[in-house]
Amino acid sequence: MLNTILGKKHFMYQHPRPASSVLILDYDHKPTRVLMGLRQHTHIFLPNTYVFPGGRIDKSDSRLKHFMPHQDQTLDLLQRTTHKRHASLYKQAFGLACIRETLEETGYFIGQFTQYRPRISSQWKNFFQAGMCPDLSILHYIARAVTPTGKPRRYDTCFFAVDAKHIHTTHHPSHIDDEFVNICWLTWEEAINSRISSITKHLLHDVSSLFDSRDNLCQTSHIPFYHQRGKQYIRDIL
């Protein structure tokens, strides 16, 4: 539901939906680059804005049986820092959602080659038909953010990072949707100076300093949490 106050659009309160996003980091390029996509100008949420691949969790992400699991430290951190209403999702759904969305939005696979071809009719069909198995063990859980109130869509998002050396590409057009009008690799500086949301800007500043090299990309014991407290949008450490 939409209210208009003094000419500004204000959307009624809604619970944030569980979602995830992934920063794919290209350390082989100097300086380091991150993969981002420009959203369609017709989208209700973040139109004409650069974002990382990702999206909300689908039922198929919780039901998938075939994948490489998270590392123990990553799993423990997810369990400790995600909202209790999402307790059933931390083991696999958050990580799998951003892997699935990455393929759908960019054509990149995050996973391992496999000879196994399970019978799947969900959104994961293209993944396994290409001979790939999703791999959560290479994802590093790096941040959580909740969209402020008053927005047309609200998400409780877990952010992950992965080294681009682990991704594989497809040029099959059926694997890519029309979510993005442009997909590009941007340096930290280029990304920060692009048309991005305030959450993305805060996250880029944190990630560019913490994971500035491949040697530093590892699972941390704490993550930044960007969220609203009262009328302020703040950064906590979980």
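Convex hull volume per residue, computed on the Cα atoms of region 137-238, equals 146 Å³.
Distance from the Cα centroid of region 18-33 to that of region 59-84 is 20 Å (rounded to whole angstrom).
Of interest is the spacing of the C-alpha centroids, which for region 200-238 and region 111-134 amounts to 32 Å. Between K151 and F11, the built amide H atoms are under 5 Å apart, and every one of these is 5 or more places off in sequence or on another chain.
Summing +1 for each Lys or Arg and -1 for each Asp or Glu among the other residues whose beta-carbon sits under 11 angstrom from that of Y50 gives +2. From least to most packed, judged by other beta carbons within 10 angstrom and beginning with the fewest, I24, I237, I99, I196 follow the order I237, I196, I24, I99. Listed cross-link partners K84/K125; K59/K125; K59/K91; K30/K201; K30/K165; K151/K201 are compared with a 24 Å cut-off, the Cα-Cα value being larger for K84/K125. A simple count of charges around K30, restricted to other residues whose Cβ falls under 12 Å of its Cβ and scoring Lys, Arg +1 and Asp, Glu -1, yields -1.
Within region 83-152, the chymotrypsin sites (Phe, Trp or Tyr not before Pro) that combine a DSSP coil assignment with at most 10 other C-beta atoms in a 10 angstrom radius are Y116.
A cut-off under 13 angstrom between Cβ atoms defines the neighbours of I110, and their net charge, with Lys, Arg +1 and Asp, Glu -1, is -3.
Over the chain, dividing the summed -39,500 (n - 2.57) contributions of all DSSP H runs of at least 4 residues by the number of residues returns a 222 nm mean residue ellipticity of -6000 deg cm²/dmol. Counting every other Cβ atom within 10 Å of each residue's Cβ, T106, T81 order from fewest to most as T81, T106. By the Kirkwood approach, averaging reciprocal distances over each pair of separate Cα atoms, region 83-168 gets a hydrodynamic radius of 14.3 Å. Helix 93-106 and the longest principal axis of the Cα set of the chain meet at an angle near 80°. All alpha carbon pair distances within the chain were sorted into 5 Å bins beginning at 0; the resulting P(r) in whole percents reads 1, 6, 14, 19, 20, 18, 13, 6, 3, 1, 0, 0.
Taking amide H as placed 1.01 Å from N in the peptide plane, A143 has its amide H under 5 Å from the amide H of F159, each at least 5 places away in sequence or on another chain.
Bear in mind that the values in this text are calculations on the coordinates, not laboratory data. Source: prediction; values computed, not measured. Heads up, the Cβs are rebuilt from the backbone with ideal geometry, glycines too, and the neighbour counts pull from every protein chain shown.
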